[in-house]
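For reference, the structure discussed in these notes is given below.
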Amino acid sequence: MTSRETRTLVIAVILFGLAALLPFSGNGYYISIGVTIAMYVVLSTSWALFSGPTHYISLATAAFYGLGTMIVATGIEMVPYVVLLLISAVAGAVMAALVGLATLRLSGVYFVIFTLGLAEMIRQLVSWLQNNLGGSRGLYVLTDLTEEHIYWELLALAGFVFLIGWWIGRSRLGFAMRIIGNDETVAAHCGINTARSKILLFMVSGMVAALVGALLAPRWTYIEPNIAFSPLLSFEVVIMALLGGTKRLWGPLVGVIPFTILLEVIEANYPSQTILVLGIAFLLIVYLVPHGVVGRLEQSFAKFRKGGN
Amino acid sequence: MDILITGILLGGTYALIAMGLNLQYGVARIMNLANGEMLVAGAFAAFWTYTAGQVSPILAILFVAPLAFLVNWIIYRIILMPLIKRAKNQGQLEVDSILATFGMGFAFVGIMVATFGAEYFSYDYLGDGILIIGSTFALNRIIAFAAAVIICGLLYLWLYWSRPGTAVRAVAVNPQAAGLVGINVLRVSALAFALGGSLTAVGGSLISTFLTLDASIGVLFTMKALIIVIMGGVGDVRGVIVAALILGLAETAVATLIDPGLTLAAAYLIFILVLLFRPQGLFGKPTS
């Protein structure tokens, strides 16, 4: 480990430690926003793990998330919660592998289109299964877990995602991904199995998103498919990650915090305008900060240093 | 038999919408994910003129089409042009246009919800049934189908028998080569994009005569149009028509035989089969 890496690690641990103290503030509102922010941090960081290097825009977050939530909601009466978490993670990875096998061998457009309707399609299937297998549509998730617990769980998961992201960045897989992102033909000629690398990384992303859904299930108490498969979630995650920037591991974090707070304010004051805000955010990102806020800052910084010398 | 005819009637209208998307993606190379929102706008225009002025939706098409053409032309010129100029390669443009058209679609839904509310809208236009081979079918579906067939036919003639149509097909095949033989690629792309948007909006007007829509349903139609275009093959008129009919039939079959709530799952099943076995489109040649 170089001294620079040690320094980054120390700073990261300190920040995590500070973030873990939030529930001791005792303020329910802060804790609630903290849970939402932690959720989006995990989701958009894991999204960027895959979509950052490949430039494949995944809109499947809501599908994985909903899958995790539904697994917990369906099984909570029969199976211990921890086992359900494991099942959700495995289910998320398996679904990602299947989606990947169908689409990632082909060009990126197929992947975007496939993920676009995935959450809605699975919602239809789950509703249909519930109607026909005699289950009721609404399910209750009653646990002893409080918002504080969920917050800490998510924080731990965030730490795990950052570690994985750091490890992937150093591994052969991460190196392969960077080559694929730059030029897929070159990557294939170097002997990289491009489809396999992409599918593996997408599985990590899908697993984490399903796990987040499973962790958040106790928060809602009452769950039905329409709640679990919220269509806007996928888009919010994309916006936050792109707003921050996907080149750096901590880039999405920069986008998540302001945008979550903005969404909270909008939802509290103008609930029907959320979708308009998302639309404007998409346009602003494409035209003003195509490489994210972090990318933009790094550009300006590089220019400033050049100008100084 | 019922399924067959209803499916074909539905597929005809789908063909029109998918043809619009095909022009935008196949010729102008813009993956327009706000396509469904254009459809809803066309539907809403028909709804509005019918309830406010008692204008028949078929007549409404006469002003929906040029208006949508103009709007889409402006969108291409003002919103998408900077992205086309900026893009270093096709992949970059694809990502940018996906994000930008999503943004447009969302902003549009937001504006629609803010001005007209999020309720479903529908109206009663020629809902009477007529008898075909022993079963009754609603007249509005048949008229919509007939209109779609006429418009698709005109488009086909224009594409294959006129000079500008030939230019459009040339750009679809190879923009660089089209530029070499003196075709103004950007102008033809703008034309194709505007025409595509216009077709989609007209499809929306037609669909609104027999389906109940709301402001946020657009994305579902975008999805269907995309599946049809991929199944039919990008830039392939004949393939798109066949694909639209297949999707219309499959959806109708699933809705009647299993559950109306599973239409998207049916579309996905087809989509997966296409991706696994014929990703180049129904009539496309496999690329090496």
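Structural remarks
- The lone exception for B:Gly179 - which of (1) small (Gly, Ala, Ser); (2) under 19 Å from B:Ile151 (Cβ atoms); (3) free of Cβ contacts under 8 Å to residues at least 40 places away in the same chain it fails: (2)
- Sole exception among (1) at pLDDT 85 or above; (2) away from every other protein chain (no Cβ under 13 Å); (3) surrounded by fewer than 24 Cβ atoms within 10 Å (Cβ to Cβ) for B:Leu206, by number: (3)
- Search result, residues across region A:213-236 that are closer than 21 Å to B:Leu99 by Cα, in a helix (DSSP H, G or I) and polar (S, T, N, Q): A:Ser234
- Test: residue in region A:104-112 that is under 21 Å from A:Thr61 (Cβ atoms), aliphatic (A, V, I, L, M), touching a Lys or Arg at 6+ places or on another chain (Cβ under 8 Å) and crowded, with 22+ Cβ neighbours inside 10 Å: yes
- Some residue of region A:225-232 being more than 14 Å from every other protein chain (Cβ to nearest Cβ) and under 19 Å from A:Val126 (Cβ atoms): yes
- Residue-level check: of (1) in contact with a strand residue (DSSP E or B) (Cβ under 9 Å, 6 or more places away or on another chain); (2) surrounded by fewer than 24 Cβ atoms within 10 Å (Cβ to Cβ), A:Met78 misses just (1).
- Enumeration of residues in region B:101-116 that are touching a Phe, Trp or Tyr at 6+ places or on another chain (Cβ under 6 Å) and either without any contact (Cβ under 8 Å) to a residue 24 or more places away in the chain or more than 7 Å from chain A (Cβ to nearest Cβ) (or both): B:Gly103
- Among the residues of region B:1-46, those that are polar (S, T, N, Q) and closer than 15 Å to B:Leu195 by Cα comprise B:Asn22, B:Gln24, B:Asn32, B:Asn35.
- Residue in region B:169-189 that is polar (S, T, N, Q) and within 24 Å of B:Met38 (Cβ to Cβ) present: yes
- Matching residues, region A:267-289, being at the interface with chain B (Cβ under 7 Å from one of its Cβ atoms) and closer than 14 Å to B:Ser216 by Cα: A:Ser272, A:Gln273, A:Ile275, A:Leu276, A:Leu278, A:Gly279
- Scan of region A:238-258 for residues that are without any contact (Cβ under 8 Å) to a residue 60 or more places away in the chain, crowded, with 22+ Cβ neighbours inside 10 Å and not β-branched (Val, Ile, Thr), ordered by number: A:Leu242, A:Leu243, A:Gly245
- Screening region B:173-246 for helices (runs of 4 or more DSSP H) wholly inside it with 2 or more residues that are under 11 Å from B:Gly20 (Cα atoms) returns the ranges B:185-207, B:218-232.
- Test: residue in region B:251-261 that is buried (at least 23 other Cβ atoms within 10 Å of the Cβ), more than 19 Å from B:Gly20 (Cβ to Cβ), at pLDDT 85 or above and away from every other protein chain (no Cβ under 14 Å): yes
Each row is one residue, and each column tells you yes or no for (1) of a type in the set (Val, Ile, Thr); (2) not in a helix (DSSP H, G or I).
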site	(1), (2)
A:Leu142	no, yes
A:Gly165	no, no
A:Gly169	no, no
A:Ala176	no, no
A:Thr185	yes, no
A:Ile192	yes, yes
A:Ser197	no, no
A:Gly206	no, no
A:Leu211	no, no
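Residues checked against (1) within 14 Å of another protein chain (Cβ to nearest Cβ); (2) in contact with a Gly (Cβ under 7 Å, 6 or more places away or on another chain):
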{"residue": "B:Leu39", "(1), (2)": "no, yes"}
{"residue": "B:Gly42", "(1), (2)": "no, yes"}
{"residue": "B:Ser56", "(1), (2)": "no, no"}
{"residue": "B:Ala65", "(1), (2)": "no, no"}
{"residue": "B:Leu70", "(1), (2)": "no, no"}
{"residue": "B:Leu80", "(1), (2)": "yes, no"}
{"residue": "B:Arg86", "(1), (2)": "yes, no"}
{"residue": "B:Leu99", "(1), (2)": "yes, no"}
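- Of all residues in region B:209-231, those that are more than 21 Å from A:Thr115 (Cβ to Cβ) and either of a type in the set (S, T, N, Q) or more than 13 Å from chain A (Cβ to nearest Cβ) (or both) total 5.
- Criterion applied to A:Val79, A:Val109 was being without any contact (Cβ under 8 Å) to a residue 12 or more places away in the chain, touching a helix residue (DSSP H, G or I) at 6+ places or on another chain (Cβ under 8 Å) and away from chain B (no Cβ under 14 Å), and the one residue passing it is A:Val79.
- A count restricted to region B:125-172 and to residues that are surrounded by fewer than 15 Cβ atoms within 10 Å (Cβ to Cβ), among the small types (Gly, Ala, Ser), at pLDDT below 85 and over 24 Å from B:Phe44 (Cβ atoms) stands at 3.
- Within region A:35-56, the residues that satisfy the criterion of being within 12 Å of the chain's Cα centre (by Cα) and among the hydrophobic types (A, V, I, L, M, F, W, C) are A:Ile37, A:Ala38, A:Met39, A:Val41, A:Val42, A:Leu43, A:Trp47, A:Ala48, A:Leu49, A:Phe50.
- Those helices (runs of 4 or more DSSP H) lying entirely in region B:20-124 with at least 1 residues crowded, with 24+ Cβ neighbours inside 10 Å: B:35-53, B:57-74, B:90-116
- Restricting the first member to region B:269-283 and to residues that are within 11 Å of chain A (Cβ to nearest Cβ), and the second to residues that are of a type in the set (S, T, N, Q) and surrounded by 15 or more Cβ atoms within 10 Å (Cβ to Cβ), the beta-carbon pairs closer than 7 Å and six or more apart or on different chains are B:Leu275/A:Thr103.
- Count of region B:1-19 residues, restricted to those that are of a type in the set (Ser, Thr, Tyr) and surrounded by fewer than 24 Cβ atoms within 10 Å (Cβ to Cβ), is 1.
- Exactly one residue among A:Ala48, A:Ala38, A:Ala20 is buried (at least 24 other Cβ atoms within 10 Å of the Cβ) and farther than 17 Å from A:Gly206 by Cβ, and that residue is A:Ala38.
- Among the residues making up region A:234-254, those that are closer than 14 Å to A:Thr36 by Cα and either modelled with pLDDT of 90 or more or within 14 Å of chain B (Cβ to nearest Cβ) (or both) are A:Glu236, A:Val237, A:Met240.
- A:Trp128 being crowded, with 24+ Cβ neighbours inside 10 Å and not in a loop (DSSP other than H, G, I, E, B): no
The values are calculated or read from the model by the stated rules, or taken from the named source; none is laboratory data. The structure displayed is predicted, hence computed values, not measured ones. Counting neighbours? That spans all protein chains shown, and the Cβs are built from the backbone with ideal geometry, glycine included.
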